[in-house]
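What follows is a set of notes on a single structure, which appears directly below.
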Amino acid sequence: MMAHAADTRGRVEFRAVEIAFDGRRGPTPAVTRTTLTLEPGTFTAIIGPSGCGKSTLLNAAAGFIAPAHGEILVDGAPVRGPDPEIGVIFQQYALFPWLTALGNVDFALRRFGFSRAERRQKAMAALAEVGLRGQEKKFPGQLSGGMKQRVAIARTFAGRPKALLMDEPFGALDAQTRGSMHDLLSGVWRAHLATVLFITHDVDEALVLADRIHVMSSGPGRIVESFELSAARPRSAARFDAAQLAMRARILDLLRPAAEPAA
Ligand SMILES: Nc1ncnc2c1ncn2[C@@H]1O[C@H](COP(=O)(O)OP(=O)(O)OP(=O)(O)O)[C@@H](O)[C@H]1O
Ligand SMILES: [Mg+2]
């Protein structure tokens, strides 16, 4: 559904981005100068210990906070605030509780100027794409955690985002549900070819989903090592190839507290 030439849109560039928060002794950098390009249609994962600045980086790309230095560009235009063409999905389900699954997706389509009938048809198709055919009339309170994230994914992709920023979207789900969400997200991502930035704590999740993995370290937050994956899809943590297993070992080493440089 809604196939489009995504290979020319959705380039996200972080240029020498530094993000600071006010501390007791003045502004303290949460993320030090970070330069990173997400090529259109690619899937990038960021992994790192708690507090290393992953969400801060994502929130800056989403336009929720402004960098102290440097800039973030989406298709060449500086991010100045939240942009409806950039989808954001968090761990907590940000659905409107007073709208049905269908209503939530329909709402995201309003800005396109479709007729009511077109919106409904597109929203039904988007929900079918995430495996929720027959659940359209349910309210978020009647859906499981995994189903709510499916609605969030349907809603976001239906809005034809240039880029999709996901901050530990499956962190609250049990392992089995998370596995089926990986299959679902991989499929929807390949069908739409949006640029994805995906934050996780889980090495296997990054190795199953991403083209590129950046490992961050704290004190202060920065990217310490980057990896490129070429393993064929669909992927499964139960069937990692030799390259994935080597990356897994290396990333786990990087994430061990002992690997942190002494303060
Ligand atoms: N609004 C804020 N005000 C002040 N400090 C903040 C703010 N948001 C984040 N920080 C600080 O910035 C650093 C990075 O936080 P961030 O939330 O980006 O980490 P994270 O890598 O996403 O961690 P987690 O894995 O626990 O989600 C932390 O030291 C945190 O305390
Ligand atoms: Mg976070």
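Observations on the structure shown:
- FRET efficiency, Glu71 to Gln92 (Cβ-Cβ, R0 25 Å, nearest 0.05): 0.30
- Simple label model, 7 Å out from Cα along Cβ direction - Ala16 to His201, nm: 3.5
- Protein accessible area in region 174-254, 1.4 Å probe - carbon and sulfur %: 53
- Element breakdown for region 95-159 at a 1.4 angstrom probe: carbon and sulfur atoms account for 54% of the accessible area.
- For region 53-205: accessible area per residue (Å², 1.4 Å): 43
- Each label was represented as a point 7 Å from its Cα along the Cα-to-Cβ direction; for Arg190 and Thr35 these points are 3.4 nm apart.
- Under 15 Å, Cβ to Cβ, from Arg250 - net charge with Lys/Arg +1 and Asp/Glu -1: -2
- Only alpha carbons enter this Debye calculation for the chain, each as an equal point scatterer, and the log10 of I(q)/I(0) it gives at q = 0.09, 0.12 Å⁻¹ is -0.41, -0.73.
- Inter-probe distance in nm under a simple model that places probes 7 Å from Cα toward Cβ, at Arg116 and Ala242: 6.2
- When shorter helices are ignored and each DSSP H run of at least 4 residues is given -39500 (n - 2.57), the per-residue value for the chain at 222 nm works out to -10000 deg cm²/dmol.
The values are calculated or read from the model by the stated rules, or taken from the named source; none is laboratory data. Here the structure is a predicted model, which is why all the values come from computation and not from measurement. Neighbour counts run over all protein chains shown; Cβ positions are idealised from the backbone, glycine included. Ligands, DNA and RNA are excluded from the accessible area calculation, which covers all protein heavy atoms including side chains. Shrake-Rupley method; radii C 1.70, N 1.55, O 1.52, S 1.80 Å.
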